[in-house]
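First the structure, in the form of structure tokens, and then the observations on it.
The values are calculated or read from the model by the stated rules, or taken from the named source; none is laboratory data. Since the structure is predicted, the reported quantities are computational estimates derived from the model, not experimental observations. Positions of Cβ are generated from backbone atoms using ideal geometry, with glycine treated the same way; all protein chains shown enter the neighbour counts.
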Amino acid sequence: MPLPEYGLDDIENIKAIVMERFTVEDVFFDEGILSFGIKERHIKEPFKALVFDLRKIGYVPTAVRERDRILIRVFPYRRAAERASRMPLVLFFVTLCTVLIDGYLRSASYADIFSRMFGRVGFVDVLLNTLLFAFALMSIIGLHEFGHLISAKASGIGATPPYFIPGVPGIMPTFGAVIFQKDPAINRDSLFDSGISGPVTGFVVSIAVTIVAFLTANWVSVSEYKAVQALIEKEGGVFLPSPLAFYLIRPLFGKPDMVPLFSTIGFAAWLGMVVTAINLFPAWQLDGGRIFRPLLSRKQYMIASYASAIVLIIIGYFLLGILILLMSSRTPDIVPLDQVSPLSKNRKLASLGVLGILALTLVPLSFP
């Protein structure tokens, strides 16, 4: 007997819609779930159309392979009611404030060091550096999330505006931002796209910010750079290791005998690279989980999540690695509605590009 959620009219409508897209060989209830055995073996595009058709009447299909046939199972589906909220806007402005304060603290510190070594840096320079830093960092984070949003809309998946996460000025100005998808991924392609869109967008913006950092850097001699480094270390500061992308971009500016001394925008570029790299790890809490899940089995996916946490701990991201490790014991499986259709060949090739971006942006803070 059908579950109460299926009205008689609904059942007939569902049958008609499914039969319009597929050759149905069998219709039955499996533990109260309306199910269809179909003849087709390649279902990616018609199933995608079926999702949109059924969503209009309040249902959602899944496709699974059972022995030698494909089953389409149809479930009642109600998207959560849309509620207007000012929270995304409030969080944006709070995060903007923490980033501006952080930028000012870093710019003032940079001005102090530079003034003591090379001459006075005025307040206007500090203010311009602060604004440039805030614009660069908010652009990297915001456009990263905007990439996710565009991908979701392109796939027909509802999504919320980005929720920015304010940080602690002087330590970490922001912990990024998140968006929440309102619908499940339709197939492996859309799951992959939802993961890769943010990091790729963030990477492109980070490269642009890095170029600006080199253009606005103060180029000093090696001896001057070592003097600045010694002064910073004497006062308790540290020099951050650079990602490979920095070293590859550096020769474009010539000056082989000079060293770029970045202003605060250099830290924005560095942070953009770090955020991009971390998000590409194949842990379920990160974008990389959605990128690599379509390529991995459930068991491989769980192993990848644990391995990501361990690697992050080893290379210096201790707290993040511990958090992922603790949460991985409850690793949820991220599966699309269509669990039958494979990932497209172009996306499989794109996954190699993901590894390339990871190599360019990864910044180990420590080594075993």
- Note on the structure: Taking segment 245-261 and keeping only residues that are aromatic (Phe, Trp, Tyr) and either under 17 Å from Ala359 (Cβ atoms) or crowded, with 19+ Cβ neighbours inside 10 Å (or both), one is left with Phe246, Tyr247
- Task: Could you please let me know if Ser139 is free of Cβ contacts under 8 Å to residues at least 60 places away in the same chain and either not in a strand (DSSP E or B) or not assigned by TED's automatic domain parsing to the domain that holds Val274 (or both)?
- Result: no
- Message: Looking only at segment 142-153, filter to residues that are more than 13 Å from Phe203 (Cβ to Cβ) and either hydrophobic (A, V, I, L, M, F, W, C) or not assigned by TED's automatic domain parsing to the domain that holds Gly198 (or both); which one of those is surrounded by the most Cβ atoms within 10 Å (Cβ to Cβ)?
- Response: Ala152
- Please note which strands (runs of 3 or more DSSP E) are completely contained in segment 170-287 and include at least 1 residues that are within 17 Å of the chain's Cα centre (by Cα). 172-178
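Residues checked against (1) touching a residue at least 24 places away in the same chain (Cβ under 8 Å); (2) out of contact with any helix residue (DSSP H, G or I) (no Cβ under 9 Å at 6 or more places or on another chain):
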| residue | (1), (2) |
| --- | --- |
| Asp10 | yes, yes |
| Val18 | yes, no |
| Asp26 | no, yes |
| Asp30 | yes, yes |
| Leu34 | yes, no |
| Ile38 | yes, no |
| Phe52 | yes, yes |
| Ala63 | yes, no |
- Query: Any residue at all in segment 13-29 that is exposed (fewer than 15 other Cβ atoms within 10 Å of the Cβ) and either closer than 29 Å to Phe180 by Cα or within 30 Å of the chain's Cα centre (by Cα) (or both)?
  - Reply: no
- Item | Test for Ser305: is it at pLDDT 85 or above, crowded, with 17+ Cβ neighbours inside 10 Å, polar (S, T, N, Q) and not in a helix (DSSP H, G or I) | no
- Item | Test set (1) β-branched (Val, Ile, Thr); (2) buried (at least 21 other Cβ atoms within 10 Å of the Cβ); (3) under 14 Å from Gly195 (Cα atoms) - Ile324 fails condition number | (3)
- Query: Does Leu143 satisfy the condition of being of a type in the set (A, V, I, L, M), modelled with pLDDT of 90 or more and closer than 30 Å to Asp338 by Cβ?
  - Reply: yes
